[in-house]
Amino acid sequence: MDIRVDISNSGIDNSEIAGCRERAQAELKKLWTGELHFTGWVKDPYEFTDEMIDELQETAEKIRKDSKYFLVLGVGGSFMGAKAVIDLLDPEGDNNTKVIFAGYNFSGRYLHQIMNTIGDSDFSICVISKSGSTTETLSAYGIFKELMIRKYGPEETARRTYVVTEHKSSFLFDQASAEGARIFDLALDIGGRYSVLTPVGLLPVAVAGIDIRKIMEGARSLASEEAFKGEALDYSIVRNLFYEKGKKIEVFEFFDPYCAYFGEWLKQLFGESEGKDGKGLFPASLMFSRDLHSMGQFLQQGTQCFFETFITVDEPGEDVQIPDSAMKPFAGKTIEKINKCAVNGVADAHTKAGIPVVRISVPEMNANVLGQMLYFFETQCAVSALLSGVDPFNQPGVEAYKKEMRSYIEAL
Ligand code: PA5
């Protein structure tokens with residue numbers, strides 16, 4: 001495993017952690033035995049065959065040939081993973097087809113902006129919704145489908161429409177089937193926030209020109225009970241021990257702006273999996289060094305209701321030298337060397353103030369490592385939720401707002 005977890009500054013006694021390992025292993029086992037619902041993601045990295053990867057890559061190739069923009073419509077688990085991966089591995093959109101995400105808000109301004117961006121250019125649409133009925137996604141789909149029909153006519157619109165949903169009757173599935181759009185199945189036993197390593201995440205990522213085979217190889221290398229033996233679940237254990245000792249917030253901290261959506265993905269994964277039955281750590285994320293000049297004050301001296309989880313990459317992809325003419329003492333050094341000083345400086349300052357810090361790091365960022373990270377956090381999150389006694393795979397609380405919102409919409 002390329003992921004290292006350092007809990008030496010967590011302030012939690014090693015013997016206390018060791019005392020929880022047997023229980024964590026028992027919870028991990030439950031993910032593999034099939035006794036829990038929605039655990040299809042656990043075996044997905046090797047059940048998702050090379051032929052299925054080829055099929056997605058061929059589809060992506062076709063989309064890249066005929067479209068300048070690939071408009072991906074989805075919300076929550078139906079878009080965040082793909083956006084996190086693209087931002088980390090292809091932030092500048094190096095290939096000719098630009099992937100644009102929409103259908104995750106109700107902003108008319110945002111949709112107008114996308115229409116302006118697309119203009120007269122060729123585009124394809126991907127509608128991603130497990131339930132096939134989500135308001136954000138389906139309302140955006142209605143708008144862009146009309147636009148497409150005006151531009152291309154119904155037949156070409158169907159040819160340019162890709163749908164990822166469950167293979168069962170829903171508004172989206174029924175309409176896409178009737179119109180002949182290309183449908184990729186999302187397995188019935190994989191929930192939205194655990195679906196990044198399925199066509200939900202992989203199709204947009206493949207269109208962005210990223211090697212999805214390497215992502216799956218990374219995930220596959222961790223997809224076994226063996227990979228999480230011994231100390232490998234200590235992160236889940238430590239999170240639960242912090243919670244039991246009174247911490248209420250886990251702050252994920254990044255030192256690279258391209259990790260912002262990875263932070264959003266983590267917040268959804270942990271927040272929706274653990275926040276129920278009146279329990280759960282509230283997941284927050286901060287971007288350093290930017291937020292050291294704002295929230296850094298709170299962290300250092302504010303209410304101590306949180307612990308910190310640094311997520312860092314050892315080897316930067318690119319670096320820039322600061323000229324000798326710049327101010328001392330940073331003149332002549334590189335930006336990424338200074339970034340390392342920020343990581344170590346923050347860790348020291350916070351540890352000295354008694355703030356618990358967990359450090360998770362990878363040697364470098366690439367498709368294989370990111371595949372490992374996605375699977376690693378999914379597993380840690382599921383085990384962590386099970387340790388705290390909640391079902392990681394349901395989200396009954398999300399339904400409440402949908403019901404209330406729908407009654408307002410129907411009254412319009
Ligand atoms: O993780 C989840 O289950 C949710 O965040 C869903 O992904 C989100 O609500 C979107 O649902 P759907 O894919 O059914 O449109």
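The values are calculated or read from the model by the stated rules, or taken from the named source; none is laboratory data. Note that the structure is a prediction, hence the values are computed from the model and not measured. Cβ sites come from the backbone with ideal geometry, for glycine too, and all protein chains shown count toward neighbours. Quick note on the areas: whole protein, heavy atoms, side chains included, nothing else; ligands and nucleic acids left out. Shrake-Rupley method; radii C 1.70, N 1.55, O 1.52, S 1.80 Å.
Accessible surface area normalised per residue over the stretch 234-294 is 38 Å², counting heavy atoms of protein chains with a 1.4 Å rolling probe. Relative contact order, whole percent, for the stretch 1-158 stands at 23, derived from Cα pairs under 8 Å and 6 or more residues apart. Here r is the Cβ-Cβ distance between ALA353 and ILE149 and R0 is 41 Å; the resulting FRET efficiency, rounded to 0.05, is 0.10. Solvent-accessible area per residue in the stretch 4-132 equals 48 Å², computed with a 1.4 angstrom probe and all protein chains kept.
Label separation (LYS65 vs SER121): 2.0 nm, computed from points 7 Å beyond Cα along the C-beta direction.
Computing the accessible area with a 1.4 Å probe over protein heavy atoms, can you report the carbon and sulfur percentage for the chain? Of the solvent-accessible surface of the chain, carbon and sulfur hold 54 percent.
Straight distance only, please: which lysines reach the Cα of LYS333 with their own Cα at less than 19 Å, same-chain residues fewer than 8 apart left out? Cα-Cα hits under 19 Å: none found.
Going by accessible surface with a 1.4 Å probe and the largest first, ARG21, ARG4 read ARG4, ARG21.
Over the stretch 351-412, accessible surface divided per residue gives 44 Å², non-protein components excluded, 1.4 Å probe. Taking the chain as a Gaussian network of alpha-carbon nodes connected by springs under 10 Å, the highest mean-square fluctuation of the residues PHE173, PHE307, PHE106 belongs to PHE106. For a paramagnetic label modelled on ASP185 (point 7 Å from Cα along Cα→Cβ), amide N atoms under 20 Å away are absent within the stretch 212-246. Note on ASP314 and ARG23: the model spin-label points, each 7 Å out from Cα along the C-beta direction, lie 3.4 nm apart. Between ILE338 and ARG159, residue separation times 0.36 nm minus the direct Cα-Cα distance comes to 59.4 nm. Once you've got the Cα coordinates, tell me which of LYS247/LYS267; LYS151/LYS403; LYS62/LYS83; LYS98/LYS145 are over 28 Å apart. The pairs that break the limit, which is 28 Å between Cα atoms, are LYS151/LYS403.
The alpha-carbon positions of the stretch 54-151 define a convex hull whose volume is 113 Å³ per residue.
Just by accessible area at a 1.4 angstrom probe, what is the order of TRP41, TRP32 from largest to smallest?
Details: TRP41 5, TRP32 35 Å².
Final ranking, largest accessible area leading: TRP32, TRP41.
Within a straight-line Cα-Cα reach of under 16 Å, LYS337 can be paired with the following lysines, leaving aside sequence neighbours fewer than 8 residues apart in one chain: LYS328. Treating the angle as unsigned and between 0 and 90°, give the value, to the nearest 10°, between the Cα long axis of helix 367-387 and the longest Cα principal axis of the chain. For 367-387 against the chain, the angle is about 70 degrees. The helix-based estimate of mean residue ellipticity at 222 nm for the chain, built from -39,500 (n - 2.57) per DSSP H run of four or more residues and divided by its residue count, is -15500 deg cm²/dmol to the nearest 500. Only lysines eight or more places from LYS43 in sequence, or on another chain, were considered; those with a Cα closer than 21 Å are LYS29, LYS30, LYS130, LYS214, LYS229. Less than 5 angstrom separates the built amide H of VAL72 from those of ILE100, PHE101, ALA102, CYS126, all sequence-distant by 5 or more or on a different chain. Give the long-range amide H neighbours of PHE282: residues separated by 5 or more places, or on another chain, with amide H under 5 Å away, using H modelled in the peptide plane at 1.01 Å from N. Correct list: ILE249, GLU250.
If you count, for each residue, the other Cβ atoms within 10 Å and average over each peptide, how do 185-194, 366-375 line up from highest to lowest?
Numbers: 185-194: 20.9, 366-375: 23.5.
Averaged packing, sorted descending, gives the order 366-375, 185-194.
Here is the tail figure for the chain: Cα pairs spaced more than 34 Å apart come to 33 percent of all pairs.
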